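What follows is calculated from the coordinates using simple rules that are stated; it is not laboratory data. Keep in mind that this is a model prediction, so the values were computed, not measured. Note: ideal-geometry Cβ built from the backbone for every residue, glycine included; neighbour counts use all protein chains shown.
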Amino acid sequence: MNNFKKMNCFLKKRIFFFKKKVFNSNRTFRKNIIWFIILTQNNKIGIGECNPILDQFALKNLKNFEIELKNLSKMILFLKKTEMCFYYKYISYSSILFGLEQAFLSLKNKFPMLYHSKFTYGIEGIPINSLMWLNSFNKDKKYAMEKMENQIIEGFSLIKMKVNMKFINDQYFILKEIKRKYPFLKIRVDANGCFENIQKAFYYLNKFYDLGIIDSMEQPISSGNWKDMSEICKKSKLPIALDEELANIHELKKKQSYWILLNLNMLY
């Protein structure tokens, strides 16, 4: 019991300014505010990053986000527990959930180590994908094709492509050209829920599947349509990845229940 009493928790708020503007699907950023959860216990330290730029719900409610973090830190000091299960009901933002999990892991495994692996010991690397944002298609097909080829020249064999209905015909044309020139390449398609109904989703899932280079499709329809998403996961020829669908579902058991409901043809 004495060990628990020695735990301390405090927050650090920092503003970071980008050298180059950063953008996601919705907006452009020139700076970012990040909160760090810092835990200390028995001469050990754990640090977790709560980054609202990665959490669309937090970005819309930064004041509430900060209030929740302060309340959570008080609850940690009160409970003095280092297991996530005690805190789920006090967390409504996924970026806060991530930060607290990271803080507990680094406290347990000696900061800055979160997991022991061949990567953390410098033995193996981790393959990553590049990303084609929607603004890559604002000019013309030639410009987008050149951007994609530059990524291939840089050594990427997997490219994640954002798609939407405004550019989808041009994007399909570019993918056909890429398949012809670089048949070894794999493309991960992120639809961000752009297909307005299940019929349109299946039409494009089949069309992209026939290209033969598509690795998976992420979030074909908007989140919350469990019945339609379940049918898509069962019948799609392409694996389905979830994104917005898992927002604000924090407990592992709930995520596993959701996975069972949607069936097996799915990626996290």
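Using only side-chain charges placed at the Cβ, +1 for Lys and Arg and -1 for Asp and Glu, the dipole size of the chain relative to its Cα centre rounds to 820 debye.
Values of log10 I(q)/I(0) for the chain across q = 0.07, 0.09, 0.13, 0.17 Å⁻¹ run -0.32, -0.53, -1.03, -1.36, by the Debye formula with one identical scatterer at each alpha carbon and no solvent. Put simply, the amide H of T82, placed in the peptide plane, has no neighbours under 5 Å, leaving out anything fewer than 5 places away on its chain. For the stretch 40-121, count all C-alpha to C-alpha pairs, find those more than 19 Å apart, and express that count as a whole percent of the total. I get 40 percent for the Cα pairs in the stretch 40-121 exceeding 19 Å.
If you take the alpha carbon atoms of the stretch 130-267 and fit the smallest convex hull around them, that volume is 109 Å³ per residue. Classified by the C-alpha gyration tensor, the stretch 203-242 has a prolate form. Its axis ratio a/c, with a ≥ b ≥ c, is 1.5 or above, and a/b is larger than b/c.
Think of the chain as having a plus end and a minus end, set by charges on the Cβ of Lys, Arg, Asp and Glu; of N129, Y172, A201, N129 sits farthest toward the positive end of this dipole. Could you tell me which of rounded, prolate or oblate describes the stretch 77-177, using a ≥ b ≥ c as the square roots of the eigenvalues of the alpha-carbon gyration tensor, with rounded for a/c under 1.5 and, failing that, prolate when a/b is larger than b/c and oblate otherwise? The shape class here is oblate. In a DSSP loop and with at most 12 other Cβ atoms within 10 Å, the GluC sites (Glu not before Pro) in the stretch 133-167 are E154.
In whole Å, what three semi-axes, largest first, describe the equivalent ellipsoid of the stretch 49-92 built from its Cα gyration tensor (square root of 5 times each eigenvalue)? They are 21, 11, 8 Å, listed from largest to smallest. Under a 5 Å amide H cut-off, with hydrogens placed 1.01 Å from N, A241 pairs with M217, E218, Q219, L267 among residues at least 5 apart or on other chains.
Here the alpha carbons of the stretch 1-97 define both size measures, Rg and Dmax, at 15.1, 49 Å. The mean sequence distance of close C-alpha pairs (under 8 Å, at least 6 residues apart), as a share of the length of the chain, puts its relative contact order at 12 percent. Of all DSSP bridge pairs formed entirely within the chain, close to 55 percent run antiparallel.
Among all stretches of the chain without exposed trypsin sites (Lys or Arg not before Pro) (DSSP loop, at most 13 other Cβ atoms within 10 Å), which one is longest? Answer from the scan: 167-236. About the centre of its Cα atoms, the stretch 130-267 shows a dipole size close to 280 debye [charges on the beta carbon of Lys, Arg (+1) and Asp, Glu (-1) only; nearest 20 debye]. Using only Cα atoms, find the angle between the long axis of helix 141-153 and the longest principal axis of the chain, and express it within 0 to 90 degrees, rounded to the nearest 10. Helix 141-153 sits roughly 60 degrees off the main axis of the chain. Among the listed pairs K227/K254; K142/K176; K19/K186; K160/K207, those whose Cα-Cα separation exceeds 24 Å are K19/K186.
Farthest toward the positive end of the dipole of the stretch 2-109, out of N51, F23, N61, is the Cα of F23, where the dipole comes from beta carbon charges about the Cα centre. Counting every pair of alpha carbons in the stretch 129-210, the share spaced more than 18 Å apart comes to 38 percent. Once the Cα atoms are used to define both axes, helix 226-235 deviates from the longest principal axis of the chain by about 50 degrees.
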